């Protein structure tokens with residue numbers, strides 16, 4: 001019982017240390033928003049077909065355009 005508790009505490013300390021090391025090496029992963037919303041610029045590109053869309057025809061073949 002005591003060994004299990006010590007093992008869990010040890011694993012938690014290791015995980016905390018790894019997270020601190022990652023925050024030190026790559027702080028941008030925690031400072032920058034990871035999910036981005038679509039901007040008006042991107043929406044305009046998509047609406048005006050500036051970004052190629054993949055379509056399939058009735059036979060299942062990929063059509064670009």
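Bear in mind these aren't lab numbers, they're just calculated from the coordinates by the rules spelled out. All values derive from a computational prediction rather than experimental measurement. Backbone-built Cβ (ideal geometry, glycine too); neighbour counts: all protein chains shown.
Using the Kirkwood radius over C-alpha pairs as Rh, can you work out the diffusion coefficient of the chain via Stokes-Einstein at 25 °C, viscosity 0.890 mPa s, in µm² per second?
It diffuses with D of about 144 µm²/s by this estimate.
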Quiz prompt | Simple label model, 7 Å out from Cα along Cβ direction - residue 33 to residue 13, nm | solution = 3.9 nm
Quiz prompt | In nm, spacing of pseudo-spin labels at residue 21 and residue 3 (7 Å Cα→C-beta vector) | solution = 2.6 nm
Self-check item: Computed lengthening from residue 62 to residue 48, 0.36 nm per intervening residue step minus Cα-Cα distance
Solution: 3.0 nm
